[in-house]
Protein chains: 2
Amino acid sequence: MILDKVSIPEDLKQLSIKEMEKLASEMREIIIKKVNATGGHMGPNLGMVETSIALHYVFNSPVDKIVFDVSHQCYPHKIITGRKEGFLSPDKYYKYTGYTAPEECEHDLFKVGHTSTSVSLAAGVAKARDLKGEKGNVIAIIGDGSLTGGEALEGLNNAACLNSNMIIVVNDNGMSIAENHGGIYDNLKLLKETDGKAECNFFKAVGFDYLFVKEGNNIEKLIEAFNKVKDSKKPVIVHICTLKGAGLKAAEENKEKFHWMLPHTLDNDKIERVMGECYESLTCDYILKKAKEDKTFITVNAATPGVFGFTKDFRDALGEQYCDVGIAEEHAVAFSSALAKQGAKPVLAIMSSFVQRTYDQLSQDLCLNNSPLTILVYWGGISGADATHLCVFDIPLISNIPNIVYLAPTHKEEYFAMLEWSVNQNQYPVAIRVPSNGLISTGKEDKTDYNILNKYEIVEKGEKVAILGLGTMYPLACEVKKELSLKCGINASLINPKFITGQDEKLLNELKKDHQLVITLEDGVLDGGFGEKISRFYGASEMKVLNYGAKKEFTDRVPVEELYERYHLTKELILSDIVNKHLI
Amino acid sequence: MILDKVSIPEDLKQLSIKEMEKLASEMREIIIKKVNATGGHMGPNLGMVETSIALHYVFNSPVDKIVFDVSHQCYPHKIITGRKEGFLSPDKYYKYTGYTAPEECEHDLFKVGHTSTSVSLAAGVAKARDLKGEKGNVIAIIGDGSLTGGEALEGLNNAACLNSNMIIVVNDNGMSIAENHGGIYDNLKLLKETDGKAECNFFKAVGFDYLFVKEGNNIEKLIEAFNKVKDSKKPVIVHICTLKGAGLKAAEENKEKFHWMLPHTLDNDKIERVMGECYESLTCDYILKKAKEDKTFITVNAATPGVFGFTKDFRDALGEQYCDVGIAEEHAVAFSSALAKQGAKPVLAIMSSFVQRTYDQLSQDLCLNNSPLTILVYWGGISGADATHLCVFDIPLISNIPNIVYLAPTHKEEYFAMLEWSVNQNQYPVAIRVPSNGLISTGKEDKTDYNILNKYEIVEKGEKVAILGLGTMYPLACEVKKELSLKCGINASLINPKFITGQDEKLLNELKKDHQLVITLEDGVLDGGFGEKISRFYGASEMKVLNYGAKKEFTDRVPVEELYERYHLTKELILSDIVNKHLI
């Protein structure tokens, strides 16, 4: 195996083209095996094997600095920068993250996981180099799908003016996670059809020198191209055409499915994953029904349809009533706000982690205009995710903006009652935190009138202690209630707050009569969240309050059970807190 | 006067070109007079007089829908859509806002004030029209300066794919608030030099049809162009070249100064505004000194240098150590984070209202990477500003992100001690809320060791009541202390928290010994802010807490004194709260 001889970039430089080609296929093999075992990004990495080899052959990392975008295509880079064991040895499969991580290796510059950041970050790296009077190449990698994100476009506009070396490799595989969306893709297509020779060239129009590489999976051609731009004194775009999933037939043929995959998808290639009944599937059913009834009902998302179960069939069925804006969360919010303001019925689906990209649009374009948009926030909650994809910050982010109503359903019937209310009302921007803790059904219709804002539900009226279990923390609230009854003989009140964005002052005041302790449970960071507002409400009263939720920290692949322990989000730890603090 | 005959767009349609030209000069005259009296946006409005007339002549608002960007160029539009009294009668000068406002008029579609939103909003308007099966033109106005904002670029990419009518008027006056920055401006320049004929065309590359209008202040030419694109079945760009400040010599000659002006600038045209000693001027002095000592010290901002007192001289003196990235707040944060991470010494200046545009970059590009960037947040605090430019949300926005240290200085010496600490440390991203309540000097050097995070300062140790006066609310804390002493004979403790992002648990615990009430005062929205965390901290204890700050609401030009009353931010109201609630 050539791979035996290659551990660090220096080792590559001794190889012939032929040997590097053999190395590429060896790398491909271990990536496929590893990703199939652990799950992860398959297509993006297979497409970038040759580019990674050629980059490290031509450039001299870490003196030359490579900045990845999203960095879900960094597996080949990891293999040739000292971390091949993470792909060779099953017992090391989980040693390294799936993203660039400076704490792992000097060849990784930034911790990244959200898209469209590489050009801006690399521009900063290049400018720092110039200010320090240093030399070296700065290389940003960015996929065609990531190009449409506002941060990438802002970055390109500014990077073009950098009066010194900066190389931007546009990895054009003709795909985002799903298909691409937007006007610039016609131009990219034109450039590919004309071997990069078309006069009207997006990159040149933004101010870059430009080099086109038709065979982006050909090591020799890539080396030739990178040698041409190496030590360039001006910002230059190298537009390479790669094949997403290259070398794995299933991935080449089904690019969306193999963008990111669950473990053992390959072993079960014949078995199509079928979505069982879940919030995603039921929401799709709901949307299809609504869209049929109302031609102005439209579903919007920003490049992650798979997250919501928006399959190809679903998208096709909706036709003009479905809109994927590509990686463009800011646009998604402003566009949807205008749709709502003008009397259409938009539903915007977005992941908790990516709603972060659009605070100002939520505030200014949406809430200030009070557009009756419905936003479905998916995956909100404490999890064992990578630090780059945590979903615990959406409550502080959304709920402290005026006008918006942010709802936290606890079960299926409640979720659909809220959704139905939201799409039928015309007064408020509404966000609903789609439960991420599995489908729970009460079997009973939720007849709540959600026009009465901020009315909490007392599920069981008790005394002494009241437990407010917000959204996905409601089941824990039930457990705590049971535990209090069992261990302390206390019949606690069980409350489902439903509304994240407002306090039920009447109910909270009434609790003062026969309760001495209020416990709040939320599935997100405590700082700026739901519970603190309850603490503020009771600040001047005799009521004691305990807030439970996540600590303000970036956790990185910490098992969720460990986090629950850390945050005392278990019935046992909550009970012992209450007892230790002499609160009952 | 022609203006006597024109109140609504319909009236325009009876006029000849000559009459419209006369109308333009009459409108110009009243705009100049009004803006000189009240302050406001001069240059942008003078440049758009002819365009506004031509648009309303050709199109049929509000059936045809015009969406403005920033909307600081909407005065001419307001004059011809029923609101001329706001420019003719000094007693009505304050009747209408300086931005589009749907509550004023059916010809205004959205409440906007931040840049780069019009294309996305208009795309939503157009899509809603199509879903509803309606007809009509949708016109977005956007300035060349606003083009570089991520939201605008995301919007353009998506608007280009809209398979129906949408007209985007690019108002190219060759300026942002200050000069433009970025690669696309070379392309705009090329287009102007070639009468729009250059093959390499940014707008075409993004997928638009394109029409060039050289004389953007010529009503006849504009009408001709708008008639050409009217009822277009495809998205089209109309690139018009206008003169910022047209018709007012001083404004034409000094475009930056007359972008937005204070009242009576024209009357005092000979008297150059000289910045007295203030946080802005002293910070500039500090930056110049630092930049001289350290060649890697660099100052970054996003298109609003005037806000920070970054004059032309200042910018020139810094040379390569100054970087205005244009309207591109997301890029500004990512770029600065990378600069810091690579060992340069960046300081990023940003307005509280605009820091909202970059939450995810603060979280992912900056804080997750722990880059030792210094951010100066200007203008934070409760004010009588327009709803679009409130500066009360930066504390919840910034302070609930992990890793960052957000500091609230109360006086000059403290501010510079914090700044000096921040630029010399390498451990944390740091933001400093530059005081917006005038320069207060103690005359004594601040010797605090800021490496010890979250250590509050007990300025005066008292008993019973402790008052935490955060940043610009510190003077009120002093007043409340005095009032408590005078009226109740209580010697309250006075505390300067300094740190917004963390609690001094030791100090807060010690207060429990001889205090029964803690009062927090903050100059921003309470929800998700500083005080609620103190309430959470004391939730399970006997300590009573009262949090004071702004309500979660969009206020619109409400006098600050009225807001202080509303939020009980006066010594009298706070004292009466304490007494009424029997807290002492």
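Throughout, read-outs are computed from the coordinates displayed, never taken from laboratory work. A quick note: this is a predicted structure, and the numbers were derived from the prediction, not measured. So basically every Cβ, Gly included, is an ideal-geometry build from the backbone, and we count neighbours across all protein chains shown.
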- Item | Highest-first arrangement of B:176-187, A:284-295, A:147-158, where packing means the average Cβ count within 10 Å | A:147-158, B:176-187, A:284-295
- Query: Out of residues 5 or more away from B:Asp209 or on other chains, whose amide H comes under 5 Å of its own, with H placed 1.01 Å from N in the peptide plane?
  - Reply: B:Ile237
- Item | Degrees, to the nearest 10: A:150-159 long Cα axis against longest axis of chain A | 40
- Note on the structure: Expressed as a whole number, the average count of other chain Cβ atoms within 10 Å around the Cβ atoms of A:365-373 is 4
- Message: Can you compute the charge dipole magnitude of the protein assembly as shown about its Cα centre, using +1 on each Lys and Arg Cβ and -1 on each Asp and Glu Cβ, nothing else charged? Give it in debye, rounded to the nearest 20.
- Response: 300
- Task: Take each of the peptides B:402-413, B:364-375, average the number of other beta-carbon atoms within 10 Å over its residues, and list them starting from the highest.
- Result: B:364-375, B:402-413
- How far is helix B:17-38 tilted, in degrees, relative to the longest principal axis of the Cα atoms in chain B, given as a value from 0 to 90 rounded to the nearest 10? 10
- What average number of partner chain Cβ atoms lie no more than 10 Å from the Cβ of the residues making up A:520-531? 3
- Among residues other than A:Ile578 whose Cβ falls under 13 Å from its Cβ, what is the net charge (Lys/Arg +1, Asp/Glu -1)? +3
- Here the whole-number average of other chain Cβ atoms within 10 Å per Cβ of A:396-409 is 4
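Suppose a student asked you for the relative contact order of chain A, using Cα pairs under 8 Å spaced at least 6 residues apart; what percent would you report? List each step's numbers first, then the result.
Numbers: 1203 pairs, mean separation 59.6, N = 584.
Relative CO of chain A lands at 10 percent.
Which shape class, rounded, prolate or oblate, goes with the protein assembly as shown when its Cα gyration tensor gives a ≥ b ≥ c as root eigenvalues, a/c under 1.5 marks rounded, and past that a/b bigger than b/c marks prolate? Provide the component values of the computation, followed by the final result.
On the way: a/c = 1.35, a/b = 1.06, b/c = 1.27.
It is rounded, given that a/c, with a ≥ b ≥ c, falls under 1.5.
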- Task: Name the long-range amide H neighbours of B:Ala550: under 5 Å, sequence gap of 5 or more, or other chain; modelled H, no Pro or chain starts.
- Result: B:Gly524, B:Val525, B:Leu526
- Degrees separating the helix B:329-341 axis from the principal Cα axis of chain B, which is the longest one: 50
- State, to one decimal in nm and shortest first, how far the label point of B:Glu457 sits from each corresponding label point in the other identical copies (label point: 7 angstrom along Cα-to-Cβ). 5.1
- Task: Considering the rotation that carries chain B onto chain A, locate the chain B residue whose Cβ comes closest to its axis and report the distance in whole Å.
- Result: B:Gly150, 1
- Extend 7 Å from the Cα of B:Lys135 along its Cα-to-C-beta direction; within segment B:223-256, residues with backbone N under 15 Å of that point are B:230-233
- Message: Need one number: nm distance between label points at B:Thr442 and A:Ile17, each 7 Å from Cα along Cα→Cβ, rounded to one decimal.
- Response: 7.1
- Query: Want the number for A:Ala37 to A:Tyr564: 0.36 nm per residue separation, take away the alpha-carbon distance, what's left?
  - Reply: 187.0 nm
- Query: How many angstrom separate the Cα center of segment B:513-584 from the Cα center of segment A:13-82?
  - Reply: 56
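What is the extension gain from B:Glu29 to B:Glu215, computed as 0.36 nm multiplied by their sequence separation minus the C-alpha to C-alpha distance, in nm to one decimal?
Details: separation 186, 0.36 × 186 = 66.96 nm, distance 2.09 nm.
Gain on stretching B:Glu29 to B:Glu215: 64.9 nm.
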- With each label point set 7 Å from Cα along the Cα-Cβ vector, what nm distance links B:Val63 and B:Lys92? 2.7
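Could you tell me which of rounded, prolate or oblate describes segment A:349-424, using a ≥ b ≥ c as the square roots of the eigenvalues of the alpha-carbon gyration tensor, with rounded for a/c under 1.5 and, failing that, prolate when a/b is larger than b/c and oblate otherwise?
Working: a/c = 2.27, a/b = 1.14, b/c = 2.00.
Verdict is oblate for segment A:349-424.
Using just the helices of the protein assembly as shown, give the 222 nm mean residue ellipticity in deg cm²/dmol: DSSP H runs with n ≥ 4 each add -39,500 (n - 2.57), and the total is spread over all residues, rounded to 500. Write out the running numbers ahead of the final one.
Numbers: 46 runs with 423 residues, N = 1168.
Rounded to the nearest 500, the figure is -10500 deg cm²/dmol.
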- Percent antiparallel among DSSP beta bridges with both residues in the protein assembly as shown, to the nearest 5? 10
- Which residues in segment B:1-33 have a backbone N closer than 13 Å to a point placed 7 Å from the Cα of B:Ala250 along the Cα-to-Cβ line? B:32-33
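Sort the following peptides by mean Cβ neighbour count (other Cβ atoms within 10 Å, averaged over residues), highest first: A:495-504, A:116-125.
Values: A:495-504: 23.4, A:116-125: 31.9.
My ranking of the peptides, most packed first, is A:116-125, A:495-504.
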- Task: Would you please give the FRET efficiency between A:Arg557 and B:Lys189, computed as 1/(1 + (r/R0)^6) with r the Cβ-Cβ distance and R0 = 41 Å, to the nearest 0.05?
- Result: 0.25
- Query: Hey, if you put +1 on the Cβ of every Lys and Arg and -1 on every Asp and Glu Cβ in the protein assembly as shown, which of A:Leu526, A:Asn400, A:Ala466 ends up farthest toward the positive end of that dipole?
  - Reply: A:Ala466
- Task: Would you calculate the separation in nanometres between label points at A:Glu103 and A:Glu85, each defined as 7 Å from the Cα along the Cα-to-beta-carbon direction?
- Result: 1.8
- Gain in length, B:Glu457 to B:Lys292, computed as 0.36 nm per residue apart minus the alpha-carbon separation, to one decimal in nm? 56.1 nm
- Query: Amide H to amide H under 5 Å from A:Leu376: which residues, 5+ apart in sequence or cross-chain, H placed 1.01 Å off N in plane?
  - Reply: A:Leu348, A:Ala349, A:Ile350, A:Ile432
